[in-house]
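Below is one structure, written out as structure tokens; comments come after it.
The values are calculated or read from the model by the stated rules, or taken from the named source; none is laboratory data. What you are looking at is a predicted structure, and each value in this text was computed from that prediction instead of being measured. Neighbour counts are summed over all protein chains in view; Cβ atoms, including those assigned to glycine, are modelled from backbone coordinates with ideal geometry.
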Amino acid sequence: MTTLDLKGAPLLVVGAGIMGAGIAQVAAQSGHAVQLFDTREGAAAQAKAKLGNTLQGLVAKGKLSSDAAATALARITPVDALDEAAAAQLVVEAIVEDLAVKRTLFKQLEALVEPGCVLATNTSSISVTALAAGLAHPGRLVGMHFFNPVPLMKLVEVVSGLHTDAEVAQAVFALAGTWGKVAVHARSTPGFIVNRIARPYYAEALALLLEQAATPQVLDACLRAAGFRMGPCELMDLIGHDTNFAVTQSVFEANFFDKRYAPSLVQREMVDGGLLGRKSGRGFYRHEGTGPGAGALPVAVHEAPATAREVTVHGAGPIADHLQRGATQALAAQGWGPARRDDSPWVGVEVDGARLVLSTGRTAGEIAAQEGPADVAVFDRPLAAQASGTLPAGTALAYAVAPQASVAWRTQAPAWLAALGFTPLPVADTPGLVVARTVAMLVNEAADAVLQGVCTPAGADAAMKLGVNYPAGPFEWLAHWSAAELLALLDALDAQYRGERYRASPWLRRHALI
Ligand code: NAI
């Protein structure tokens, strides 16, 4: 048996919009003869002219030789009718996101191309299984989901529906590699990998905003400090609230209205009010005039903490070690250092009986009520420290003080966090605060995707790092946390909010026992 090899295959790209043009560029630069078709008259020729400018831009920046640019451009041929592309061995469809229109196109193509020609769809939300239904050779239809901008984004999700031949998926997977991409196999389920696992990144920010637990500025600062390139609110402003709301609704509907994916009232109100983000000039932030820019935080100055008699660092592991270094530095001027109790059941710092506790899901109020001292504050997970144990000075970190705490502790808790090297940002006393809660939900979603055979753990990690630039993959975060602790946090969220959203994945429950 010969394996299907698409390297250098004559290619037809249907749809000369943002994605189609990008796909044509990458394929032409990888040596394919590319025909480009669009139903809008002149669109394919316009796209080629624009690609000519793009390639010239790369030449000017020294990223491409002028010969390579000319050769790539010469490989692209706009066609006026689909019939001209009968010799294609691979078709990549990047037309309007509409099941009926895409189905009609694939039927038309089947009547035209040879039975061995692979049909790939760049759909971001339509079921690959549904698109293949009714085709004479449904096994040749596969998802080839690129990310925008195609020439820059490394990820391609290779999506198999129920009909897709394994050989076809494998051929497209290998081809993506020759285009300089990293391919990841995905099963056709709503949102595939990236758009599904990423939902909580927005959803948890919106849930916290709905209950006024934190401002957009604070949420963005915390998640940026955790290594994300953009905070959820500034990112939603960039994507556009209308687009993001539509994707959320489609994932919600596609999951039979599972409450876990329910859109937020915050989102709907923004859309109803025309606050669409950058494109309308205002979303969570003002993007025109003199309003505060995205992420601008009020500057808070924390005084040095009051002199303490006894300071103890509790717990083991990289985060406790980081606290130990911070406490040692904070106390050095007074000529003494902290004690360490690494057999302690909690991670944090105790100052004369008052506690700064790493959030595990229990709120500061609960800890104070259940364990005695009223002076408790919880602080968020310094995510970047869990792997390396180090953090830049001044890293933003959310914290919450127990409602029972003394007036003095309300100022001492942030003063100590500042002395330990953080920029403390107050939020409401909610389970998992900002980063721990968001990341736990991302891992939970990834665990469910793996449980359902959508992707492998390594596939999920690669997809989230390359498709949405996450600083680490969900299973990499998990490797430095623990399934049991993460599960405890999800269960704490579930106990507080009830309902389906914080339902823990059975995959995590099983791994928590190992
Ligand atoms: P676009 O609106 O920029 O381009 C679509 C093009 O398809 C238009 O030029 C339109 O004239 C043409 N078209 C519509 N119906 C056609 C037909 N029946 N035959 C031939 N051409 C037709 O859209 P964009 O953003 O390039 O998206 C295309 C596809 O890629 C959609 O399925 C979308 O969901 C998917 N996608 C989009 C991403 C994005 O960030 N824009 C990311 C990943 C996937």
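Here are some notes:
For (1) buried (at least 19 other Cβ atoms within 10 Å of the Cβ); (2) more than 27 Å from VAL92 (Cβ to Cβ); (3) under 15 Å from the mean Cα position of the chain (by Cα), each residue gets a yes or a no:
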position	(1), (2), (3)
ALA183	yes, no, no
VAL194	yes, no, yes
GLU204	yes, yes, yes
ASP220	yes, yes, yes
LEU223	yes, yes, yes
GLU234	yes, yes, yes
HIS241	yes, yes, no
PHE256	no, yes, no
LEU265	no, yes, no
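- Once the range 24-33 is narrowed to residues that are without any contact (Cβ under 8 Å) to a residue 60 or more places away in the chain and surrounded by 24 or more Cβ atoms within 10 Å (Cβ to Cβ), the residue that is nearest to the ligand (Cβ to nearest atom) is ALA24.
- Candidate set: the range 402-438, residues that are under 19 Å from ALA308 (Cα atoms) and among the β-branched types (Val, Ile, Thr); chosen: the one farthest from the chain's Cα centre (by Cα): VAL407
- Residue match in the range 128-137 (condition: on the phi > 0 side of the Ramachandran plot and either modelled with pLDDT under 95 or outside the structural domain of LEU36 (by TED's automatic domain parsing) (or both)): yes
- Elements of the type strands (runs of 3 or more DSSP E) sitting completely within the range 64-140 and holding at least 2 residues that are within 16 Å of the ligand (Cβ to nearest atom) and surrounded by fewer than 21 Cβ atoms within 10 Å (Cβ to Cβ): these cover 76-79.
- Residue-level check: of (1) within 15 Å of the ligand (Cβ to nearest atom); (2) without any contact (Cβ under 8 Å) to a residue 12 or more places away in the chain, LEU12 misses just (2).
- Scope the range 141-157; condition buried (at least 22 other Cβ atoms within 10 Å of the Cβ) and away from the ligand (no atom under 12 Å from the Cβ); matching residues: LEU141, VAL142
- Of ALA368, ALA354, ALA327, ALA377, all but one fail to be out of contact with any helix residue (DSSP H, G or I) (no Cβ under 9 Å at 6 or more places or on another chain) and in the same structural domain as PRO403 (by TED's automatic domain parsing); the exception is ALA368.
- Output for the range 141-150, where each listed residue is under 15 Å from LEU119 (Cβ atoms) and either outside any strand (DSSP E or B) or under 18 Å from the mean Cα position of the chain (by Cα) (or both): HIS145
- Where ASP380 falls short, out of the listed (1) modelled with pLDDT under 95; (2) in contact with a Cys (Cβ under 7 Å, 6 or more places away or on another chain); (3) of a type outside the set (A, V, I, L, M): (1)
- Only one of the listed residues (ALA483, ALA428, ALA488, ALA447) is in contact (Cβ under 8 Å) with a residue 40 or more places away in the chain, crowded, with 20+ Cβ neighbours inside 10 Å and aliphatic (A, V, I, L, M). That residue is ALA447.
- From the options ALA45, ALA21, ALA49, residue that is within 10 Å of the ligand (Cβ to nearest atom), at pLDDT 95 or above and part of a helix (DSSP H, G or I): ALA21
- Number of the condition not met by ARG355 [criteria: (1) in a helix (DSSP H, G or I); (2) closer than 14 Å to VAL311 by Cα; (3) not acidic (Asp, Glu)]: (1)
- Unique match (being among the aliphatic types (A, V, I, L, M), in contact (Cβ under 8 Å) with a residue 24 or more places away in the chain and not in a helix (DSSP H, G or I)) among ALA306, ALA330: ALA306
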